[in-house]
Amino acid sequence: MQIILFDQGSASMNLRFRSKPVFVCFVILSFCLMLSSSLSAAQYDEDVSSKDSQFVKGMINTISPADRSITIKQKKGPGITVRINAETELSGVEKFENLQVRQMIKLWYRPEQGGNTALKIVKLPDMGC
């Protein structure tokens, strides 16, 4: 790659690339980095389901400490039971034992053959008088 800082035929400073493949690779790499950063940033920040996880918002209906599972009751739709494991991210509560029935939560989970696995639980602020 040769970069010419001063062209003898002109009085101004010009920066020109003599290697087209390097420039094309740079453009493709930049585009790929832009796409990957936006996808990873939106992993759990948005209230949406993706191909890897499902999203639900609702109230905790039951808690089973023996199974380390909870059942979520949605306003519309069926109840969903999820297992909580060591990899589950908790926000708004420190540990599984601090979850309570009738708390409003946001939940991202992965459907699996043996049941649903919680990926992230966010406790919503308590509303009331």
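Each value in this text was obtained by applying a stated rule to the coordinates, not by laboratory testing. None of the values given here were measured: they were computed from a predicted structure. All Cβ positions, glycine included, derive from the backbone under ideal geometry; neighbour counts span all protein chains shown.
When each of Met104, Met127 is scored by the number of other beta-carbon atoms lying within 10 Å, the sequence from fewest to most is Met127, Met104. With a simple spin-label model that places each label point 7 Å from the Cα along the Cα-to-Cβ direction, the separation between Lys20 and Ala66 comes to 7.2 nm. Taking amide H as placed 1.01 Å from N in the peptide plane, the amide H of Asn116 sits under 5 Å from that of Arg83, each at least 5 places away or on another chain.
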